[in-house]
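Laboratory data are not the source of any read-out in this text; all were calculated from the coordinates shown. If you're wondering where the values come from, they're calculated on a predicted model, not measured in any experiment. With ideal geometry, Cβ positions are generated from the backbone for all residues, glycine too; neighbour counts draw on all protein chains shown.
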Amino acid sequence: MSRFRDRTKDFKDSVRQSAISSGFNEAKLAAVMASFIFHKPRQTTPFTKSALKTMENIEALDQFLSKHRYGARKNVDAQIFRLFK
């Protein structure tokens with residue numbers, strides 16, 4: 001039992017009828033209908049590009065620090081173990 005009905009087809013029919021009544025030619029009508037299928041890629045701003053690059057660098061730094069902290073921790077544990085041996 002679905003509570004919601006998919007109204008996509010009804011919406012497309014309404015858009016088609018409105019476009020025809022507005023005097024759109026076949027090329028414009030085809031472009032409008034194709035816009036439902038092919039989504040245009042979003043333009044990324046320079047700020048967004050920089051933010052994504054910064055996030056990648058932070059992740060790489062985090063991986064580097066995690067790797068080297070574990071190695072340093074391992075050496076410290078070995079030294080402590082030798083002291084109490």
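Of the chymotrypsin sites (Phe, Trp or Tyr not before Pro) found in segment 1-34, the ones in coil according to DSSP and having at most 11 other Cβ atoms within 10 Å of their Cβ are 4. Relative to the globular-protein estimate of 2.2 N^0.38 Å, the Cα radius of gyration of segment 1-40 stands at 1.40. 3J(HN,Hα) along segment 6-11, derived from phi through the Karplus expression 6.51 cos²θ - 1.76 cosθ + 1.60 where θ = phi - 60°, amounts to 6, 9, 4, 5, 4, 4 Hz, with x in place of Gly and Pro. Take the Cα of residue 47, step 7 Å toward its Cβ, do the same at residue 22, and the gap between the two points is 3.1 nm. The simple spin-label model puts a point 7 Å past each Cα toward its Cβ; for residue 4 and residue 35 those points are separated by 2.3 nm.
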